[in-house]
Amino acid sequence: MMKNCARALTFVMAVHAVTVAASSLPIPNRGTQLFLLLESPAGVYMVMAMDERSRPVLQQWNRYDPTYDFISAVATATEKGYKLSFVRYVMTEDYIPREEHAELSFPYAEQPRYRFFDNGYIRGFYRNSVRDIDAHEFLPRQSSNQSMKPPAPLRSNLSVFATPPCRGLSLSR
C-alpha cells in the first residue's frame, strides 16, 4: 500500500465526546490547509491533516484473527477546494477481502458531511495550520441563555498524538 514509511510525523487529534452534536462541528472554514474530521459510530472524533497529496487515513487490524481495515486518500486540488479519492482494503469476520472506493469533494465554501464507508461520517474543514485548531470547537457549545455557573469538569477524553503514517504493515494480494 505505502512503500515509503520515512515520512514526517502526522498530526492526529482524537476526541471522545458522546455529547457533541455533529451538526455543530466545526466552526466555519478559515485557512487553506484541509483537515478531515472522522466521526465514528461510537462517538470518537479524529482530526487528521491532509498535509500530503497521498496518505493513510485509517489503519486498523486485529492481531488475533485476520481482519483489517485500511483506508488511504489521494487529494487533488480543484478551483473550489479539494477532491479526495479514498481506497479501502477491508476484511471483516466473513474473511472475504474487499476493495472499496469513494470520491468526495471538500469545497472551501461549505463543510459537507459524508457517510464514510461503514466507519461513521467524514467532514472536511480548512485552517491555516494545526495551531489554528481549537479543541473547544469539538466540545458542546453553550447557548447564551444558560446560567453563568462554572462548568462541570469535562468528561471528554481529549488527546493529541503524532504517529508515523505507516507501521510496517503492507497489504499483499
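Scanning the range 31-80 for residues that are among the polar types (S, T, N, Q) and in contact with a Ser or Thr (Cβ under 8 Å, 6 or more places away or on another chain) yields Gln33, Ser54, Thr67, Ser72, Thr76, Thr78. Determine whether Ser85 is in contact with a Lys or Arg (Cβ under 7 Å, 6 or more places away or on another chain) and over 15 Å from Asp118 (Cα atoms). Spelling it out, it is not the case that Ser85 is in contact with a Lys or Arg (Cβ under 7 Å, 6 or more places away or on another chain) and over 15 Å from Asp118 (Cα atoms). Please enumerate the residues belonging to the range 29-50 that are open to solvent by 40 Å² or more (accessible area, probe 1.4 Å) and either at pLDDT 90 or above or in contact with a strand residue (DSSP E or B) (Cβ under 7 Å, 6 or more places away or on another chain) (or both). Within the range 29-50, Asn29, Arg30, Thr32, Gln33, Val44, Met46 meet the criteria.
Taking Val160, is it modelled with pLDDT under 95, open to solvent by 40 Å² or more (accessible area, probe 1.4 Å), aliphatic (A, V, I, L, M) and part of a strand (DSSP E or B)? So Val160 passes the test.
Of everything in the range 92-109 that is touching a residue at least 24 places away in the same chain (Cβ under 8 Å) and surrounded by 10 or more Cβ atoms within 10 Å (Cβ to Cβ), the residue that is farthest from Leu34 (Cα to Cα) is Thr92. Among the residues of the range 110-130, which ones are among the basic types (Lys, Arg) and either surrounded by fewer than 16 Cβ atoms within 10 Å (Cβ to Cβ) or over 14 Å from the mean Cα position of the chain (by Cα) (or both)? Listed by number, the residues that qualify are Arg113, Arg115, Arg127. Taken over the range 88-104, the residue count meeting the criterion of being within 18 Å of Arg115 (Cβ to Cβ) and part of a loop (DSSP other than H, G, I, E, B) is 1.
May I ask you to say which residue of Tyr68, Tyr82 is open to solvent by less than 70 Å² (accessible area, probe 1.4 Å), part of a strand (DSSP E or B) and farther than 23 Å from Val130 by Cβ? Outline the logic, then answer.
Working: Tyr82 fails: farther than 23 Å from Val130 by Cβ.
Testing whether each residue is open to solvent by less than 70 Å² (accessible area, probe 1.4 Å), part of a strand (DSSP E or B) and farther than 23 Å from Val130 by Cβ leaves just Tyr68.
Quick one: how many residues across the range 105-125 are of a type outside the set (A, V, I, L, M) and part of a loop (DSSP other than H, G, I, E, B)? It would help to see each step written out before you state the result.
Restricting attention to the range 105-125, the residues satisfying the condition of being of a type outside the set (A, V, I, L, M) are 105-108, 110-121, 123-125.
From what's left, part of a loop (DSSP other than H, G, I, E, B): 108, 110-112, 116-120.
Qualifying residue count, the range 105-125: 9.
The values are calculated or read from the model by the stated rules, or taken from the named source; none is laboratory data. Computed from a predicted structure; not experimentally measured. Glycine gets a Cβ as well: all are built from the backbone with ideal geometry, and neighbour counts include every protein chain shown. Just the protein is used for accessible areas: all its heavy atoms, side chains included, with ligands, DNA and RNA removed. Shrake-Rupley method; radii C 1.70, N 1.55, O 1.52, S 1.80 Å.
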